[in-house]
Amino acid sequence: MSVFTEREQIIETVNKLFIYTDHRYWEKLQNEVFSKFVHLDMTSMGGEVRELLSNEICENWSQGFQEIDVVNHLAGNYLVTIKENKAEVFAYATATHYKKNAKRGNTRDFVGSYDFNLVKNHEGWRIDKMKYNLRYALGNLQLK
């Protein structure tokens, strides 16, 4: 059995965020990725800065993705800074949303970056702060 470095563990947590979201594994997101409370900044998408319970984030995302058939995130170019039990991560990310029955194009793409803060507790690394920085969006943004 191989042992992950701290950096690898942190990146694994960020990757789980995207994979679990794409597969709608809401319970795994709450148990393996998020801290109990998360500072969420989606102002670049027209949202607000909010302090939410992890289950509130999952409920919001679950409702938001109900009419979307497929969600696919790709992330990379990780820059990781670790200071004791805290870490900061920068990552580029794209998200593609696909809706089979959309009339004006089946996809919309969001391109940007994330700034994450993670804390390490007895369960491992958990995201307690995330900010999305939208650079641009393409496609049928309303998926109608």
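Read the figures in this text as sums done on the coordinates, not as results from a lab. Please read these numbers as outputs of a predicted model, since none were measured by experiment. Glycine gets a Cβ as well: all are built from the backbone with ideal geometry, and neighbour counts include every protein chain shown.
Once the Cα-Cα distance is subtracted from the 0.36 nm per residue extended length, the Asn85 to Leu141 segment shows a gain of 16.3 nm.
Kindly list the residues of segment 57-88 that lie in the label zone of Val119, defined by a backbone N under 15 Å from the point 7 Å along the Cα-to-C-beta vector. Residues 83-88 fall inside that zone. Comparing mean-square fluctuations of Glu51, Glu123, Glu27 from a GNM of the chain with C-alpha springs under 10 Å, the top value falls on Glu123. Using the Cβ-Cβ distance between Lys100 and Asn77 with R0 = 41 Å, the FRET efficiency computed as 1/(1 + (r/R0)^6) comes to roughly 0.85. Taking N as the residue count of the chain, its C-alpha radius of gyration divided by 2.2 N^0.38 Å amounts to 1.06. For the residue pairs Lys16/Lys86; Lys83/Lys129; Lys28/Lys103, the alpha carbons lie more than 24 Å apart in Lys28/Lys103. Taking the alpha-carbon distance from Lys120 and a cut-off under 17 Å, which aspartates and glutamates remain once sequence neighbours fewer than 8 residues away in the same chain are dropped? Once the sequence-local aspartates and glutamates are set aside, what remains near Lys120 is Glu6, Glu8, Glu12, Glu32, Glu84, Glu88, Asp128. For segment 20-25, the Karplus equation 6.51 cos²θ - 1.76 cosθ + 1.60, evaluated at θ = phi - 60°, returns couplings of 5, 5, 4, 8, 6, 8 Hz by residue, with Gly and Pro reported as x.
For a paramagnetic label modelled on His23 (point 7 Å from Cα along Cα→Cβ), amide N atoms under 13 Å away are absent within segment 86-114. Helix 54-64 axis versus longest C-alpha principal axis of the chain: approximately 20°, rounded to the nearest ten. Segment 89-133 and segment 1-22 have Cα centres separated by 14 Å.
The lysines whose alpha-carbon is closer than 24 Å to the alpha-carbon of Lys100, local same-chain residues fewer than 8 away aside, are Lys144. So for segment 6-139, taking the charge dipole from beta-carbon charges (+1 Lys/Arg, -1 Asp/Glu), which of Leu53, Trp125, Leu17 sits furthest toward the positive end? Toward the positive end, the furthest listed residue is Leu17.
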